[in-house]
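Report on one structure; see the data block that follows.
The values are calculated or read from the model by the stated rules, or taken from the named source; none is laboratory data. Treat the numbers as computed from the prediction; the structure is a model and nothing was measured. Here the Cβ positions follow ideal geometry from the backbone for every residue, glycine too, while neighbour counts run over all protein chains shown.
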Amino acid sequence: MKVIDLDADHYTRHMLHAEDRVWVEKNCYVDIWIELVHALGCEPLAMLPFVNAIDFVGDQWTFFKPRHDELRALYGIDVQELNCWRPLIEHAEEHLGAGRLIATEADAWWLPDVTGTDYRTQHTKSSIILNDLDVGNRTLGYFHNAGYFKLDGEDFARTFRLDMDPDPAFMPFYAELVGIDTLQCLAEADLKARSAELLAKHTAEMPTDNPVVRFAARFQRDLPLLQDKGLAYYHAWAFATVRQLGAAAELAALHLRWLDAERHAVAAEAWDRINQGAKTFILKAARAVNGRRALDASTYFEEWAQAWQSARDALPSG
């Protein structure tokens, strides 16, 4: 049963996931929504205003996600929590058979598209969208990260917890129903008008103080701990902090140029400075952690703080 007619071997990803992007993969949830909206024939750039409102909260930057009400307003997509009261595969048969997709958390250990990183290497939680289910042949077509893929065999069995003894301690992954029966792909002018309204709303939700300043202070406190813990700990920290900041900044710049490149040139350029700097910083900090060397990051943080303020001042709010 297949909701969207796709072939994993010939799937073309959206330009937001092009190989020349600074951050090809952003985070597991926003990535699958970019590709799903794209596969449905609509423009995912329109949903991105929310990235402008990212904030630094204690030990991480916002794990930015599209809001469900905005997916409905832009594309007519309805997202509701799936109550997993029975095995996931039974829900998948029910809902994919009725034309509804399922977005669910999954163990990346069993996702072959991440061969070389998590696949059969480490158990990490990720997000996928189930689209094409063949229970008899044990195959699944799914959206994950920057594309659309297929898994089968043991990966299928483990993803759906088949051929396993019941485990009363197992807690089902969080899942969502994605209804597309009211799908709408608006004309570009109408889509941009709605996206511009969302941009004003999210700009108004940006922090009142500069979150980069708070991040800089926290980094100076955390650097000795990162060096003590080592690279594995650092990579987890970097994903939660620098990567989310950089990826959000890249998406913000791309969205603003799509919306109105001339009007939003100042803000887009400011976000790009953060985007590019974050990529350089994440590698430089890794070397400092691995070599247990001192790192003066003040230049990076000062530039990012100035860029964030420039973007904030240049963006419309309503």
Any idea how many residues of the stretch 55-86 are exposed (fewer than 14 other Cβ atoms within 10 Å of the Cβ) and not basic (Lys, Arg)?
-> 8
Any chance you could count how many residues in the stretch 265-286 are buried (at least 21 other Cβ atoms within 10 Å of the Cβ) and among the charged types (D, E, K, R)?
-> 0
Restricting attention to the stretch 100-116, and to residues there that are charged (D, E, K, R) and more than 23 Å from Phe170 (Cα to Cα), which single residue is surrounded by the fewest Cβ atoms within 10 Å (Cβ to Cβ)?
-> Arg100
Residues in the stretch 299-311: is at least one touching a Leu at 6+ places or on another chain (Cβ under 8 Å), within 26 Å of Val24 (Cβ to Cβ) and surrounded by fewer than 22 Cβ atoms within 10 Å (Cβ to Cβ)?
-> no
Tell me which residues, restricted to the stretch 90-127, are touching a Leu at 6+ places or on another chain (Cβ under 7 Å) and among the β-branched types (Val, Ile, Thr).
-> Ile102, Thr104
Being β-branched (Val, Ile, Thr) and outside any helix (DSSP H, G or I) is the filter; apply it to the stretch 5-53 and report the residue that is farthest from His255 (Cα to Cα).
-> Thr12
Filter pass, Lys125 being more than 17 Å from Ala8 (Cβ to Cβ) and among the basic types (Lys, Arg) = yes
Can you run down the residue pairs with Cβ atoms below 7 Å, 6 or more apart or on separate chains, where the first is in the stretch 158-184 and free of Cβ contacts under 8 Å to residues at least 12 places away in the same chain and more than 21 Å from Leu96 (Cβ to Cβ) and the partner is charged (D, E, K, R) and part of a loop (DSSP other than H, G, I, E, B)?
-> none
Within the bounds of the stretch 19-30, is there any residue that is at pLDDT 95 or above and in contact with a Cys (Cβ under 9 Å, 6 or more places away or on another chain)?
-> no
Pick from Asp313, Asp272: which is touching a helix residue (DSSP H, G or I) at 6+ places or on another chain (Cβ under 6 Å) and over 18 Å from Asp228 (Cα atoms)?
-> Asp272
